[in-house]
1. Can you work out which of the residues in segment 436-447 that are part of a helix (DSSP H, G or I) and under 33 Å from the mean Cα position of the chain (by Cα) is surrounded by the most Cβ atoms within 10 Å (Cβ to Cβ)?
2. Take segment 305-345 and flag every residue that is among the hydrophobic types (A, V, I, L, M, F, W, C) and modelled with pLDDT under 75.
3. Among Ile462, Ile511, Ile455, which is the only one that is modelled with pLDDT of 95 or more, over 30 Å from Glu559 (Cα atoms) and surrounded by 19 or more Cβ atoms within 10 Å (Cβ to Cβ)?
4. State which residue is surrounded by the fewest Cβ atoms within 10 Å (Cβ to Cβ) when the search covers only segment 1-40 and only residues that are closer than 27 Å to Ala52 by Cβ and among the polar types (S, T, N, Q).
5. Does any residue of segment 468-477 turn out to be out of contact with any Ser or Thr (no Cβ under 9 Å at 6 or more places or on another chain), in contact (Cβ under 8 Å) with a residue 24 or more places away in the chain and in a helix (DSSP H, G or I)?
6. What's the total number of residues in segment 515-551 that are under 35 Å from the mean Cα position of the chain (by Cα) and surrounded by 13 or more Cβ atoms within 10 Å (Cβ to Cβ)?
7. Go through segment 576-628 residue by residue and tally those that are in a loop (DSSP other than H, G, I, E, B), within 26 Å of the chain's Cα centre (by Cα) and under 30 Å from Leu159 (Cα atoms).
Amino acid sequence: MIEIGKVALLFSVILSFYTIVVSYLGYRQRLGYFLESSRRAMISSFALLTIAITLLSYALVTKNYEIKYVAENVSNNLPAFYAFSALWAGQSGSLLLWAWLLNLFIVIVIFQNRDRHLVLMPYVIATLAGILLFFMVLLAFFSNPFERLGFTVMEGQGLNPLLQNPGMMFHPPTLYLGYVGFSVPFAFAIAALLTRKLDSEWIVSTRRWTIFSWLLLTIGIVLGAKWAYVELGWGGYWGWDPVENASFMPWLTGTAFLHSIMIQERKGMLKIWNVSLIIITFLLTILGTFITRSGIIASVHSFGASKLGYVFIVFLVTSAAFSLYLILTRKDELRSENKLDSFLSRESSFLFNNWILVGAAFAIFWGTLFPVISEAVRGVKITVGPPFFNTITIPIGILLILITGICPLISWRKATLNNFIRNFLYPGAVFVLLLIGLLLAGIRNLYALMSFSLIGFVLTSIVMEFYRGVKARRRYDPNVLVALKNLVWKFRRRYGGYIVHVGVMLAFVGITGSSAFSTEKDQILKKGEIMTIKNYQLKFLGVDQFRTANAEVLSASFEVYQDGKRLGILNPSKHYHPLQDQTMTEVAIRSTWKEDLYLILGGVQSDGSVFLKVHINPLVSWIWWGTYILIVGALIAMWPGRRPVASSAGARKAVQPDKAAFDLVENES
């Protein structure tokens, strides 16, 4: 098993390098069979990586301690569910998953484009193979998951207790899907730069890949926030941890890219923005991997110090330098075909949106890496904490909400002042009424006032867009629901985007409420005593002790009342894992649409009393429900339409093009 895995990785390195060479030669020499050979090489590499990842998964589940990675991440009593998730719990296993996903995407891209993009595809495949080669070199020579342990053990070290949570079964793979997915539009952008085909072809070809990657990255981030909320036991879901920031930065630039490409498709503008944004997004995904794998920045999410840091830096610098060179040498072809007609136009709002998102990404980038920079320059590591990030991102978030509401209300090219005022009438009225209502309700937090009022403004503008569309559609479909369904399905990208914005606004409701109005209290309680916080009463019933397969558990029981009405019993607990000599806090949460009652067991005293910390976090569930709506909108937006079916003869000609076919396509372009 071990030797087969090592050989599979080594041959995948060879095939990746071979693909780069023959793709380039095949295009330059107009040799169609070279290009076909490169495609087959990537398919063969995927087969080899599938064998490797299957063998490692089997070794983890069967507890094969001959393999060092298995011995470091599983134990005899670890359930198979968690033993399988150990595939991405350690460094080499997660890199193998990354490489396997990337190779899978390469194969999908090959089959998707077997009869399209004759000029772009050789460079697309070569670029993707180059990224794969980097990861394969890491796996084969720096962090091999099939390295032998070297001595016999009867028990492994076990999985990190923090990762023994169902959320960890889904959070890392989903995040990786988002990270790896952005490699595809990046490869098309590099191919467009290399071939100087800088029209909208590469953007149209990768639009769904971009939405897919953005969606999976979003889900991964939210799953990580939910895991932090239920597992880390500190009362929050986002602490501006470096690894959290590393996933958020490409999300910001990816969001900017998704909005910006609409301007290029419609107006032939922002070309340099678009290639720059997708390159930055890809580089940030690699940076995020670097931060997690190198151990250069301390984080609860990262793997510890390793020898991979310098290799990642070389790859990052090389990729950034090569991309910058391509942009500078193609700046003439990247000039916009049109100019902004008016400051008051949808194009301008998209450009402002880009500036805000990129500015936020840069601020987070600076705050995340500042401790490393300060240590390198001054020899002292200066920590940048949540206050810095909150000070910067809260005003930026308010601006983003405002832009989200303004954009649907103004026209392309140039909006007249009368049209602008008319479209703003109802959303503006809702904003004012909400602001007054919140002030009368006693809310004085400036950011909360602005956030809630602007969210109402945005949701009203989106409802108006649906109302206008349904009203126009009822000429053909008198039934309102049928008109709504047909409207959304016919203009999936537009109205799917609006549904995404609804989900984002609901998530902002949760973020605002939980950030501005959370309450906390701690108290030592003896059996039978009652703790009161706001309108909740918590009666301490006692402590139970028991063992599970992997831990010794101390569980405290609290009877919960709200305004005198019994709600049930909550059981926060402490789990001691003897194999890792770690104690974990397991929180107890009672969640409603209005607020979460969040209990943390701080400790148990010798006399049986307990130290209890309680948080009341308003509106947190709105974040999770907003994400569900966002997912629905994104799926609608990326749902494919009908595609013309090429003739079998034409398809065969595209698969193995000859020199004349290359020349014909290049002349036409």
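The values are calculated or read from the model by the stated rules, or taken from the named source; none is laboratory data. Given the structure is predicted, the values throughout are model-derived calculations rather than measurements. Note: ideal-geometry Cβ built from the backbone for every residue, glycine included; neighbour counts use all protein chains shown.
1. Checked segment 436-447; the qualifying residue surrounded by the most Cβ atoms within 10 Å (Cβ to Cβ) is Tyr447.
2. Step one: of segment 305-345, the residues among the hydrophobic types (A, V, I, L, M, F, W, C) are 305, 308, 311-317, 320-322, 324, 326-328, 334, 340, 343-344.
Ala305, Leu340, Phe343, Leu344, listed by residue number.
3. Of Ile462, Ile511, Ile455, the one residue that is modelled with pLDDT of 95 or more, over 30 Å from Glu559 (Cα atoms) and surrounded by 19 or more Cβ atoms within 10 Å (Cβ to Cβ) is Ile455.
4. Applying the filter and picking the extreme gives Ser37.
5. The answer is yes; a qualifying residue exists.
6. Residues meeting the conditions: 10.
7. Of the residues in segment 576-628, 2 are in a loop (DSSP other than H, G, I, E, B), within 26 Å of the chain's Cα centre (by Cα) and under 30 Å from Leu159 (Cα atoms).
Residue by residue, here is whether (1) farther than 27 Å from Leu334 by Cα; (2) in contact with a His (Cβ under 7 Å, 6 or more places away or on another chain); (3) not hydroxyl-bearing (Ser, Thr, Tyr) holds:
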| residue | (1), (2), (3) |
| --- | --- |
| Ser143 | yes, no, no |
| Glu147 | yes, no, yes |
| Gly150 | yes, no, yes |
| Pro161 | yes, yes, yes |
| Asn165 | yes, no, yes |
| Leu177 | yes, no, yes |
| Ala191 | no, no, yes |
| Leu194 | no, no, yes |
| Trp214 | no, no, yes |
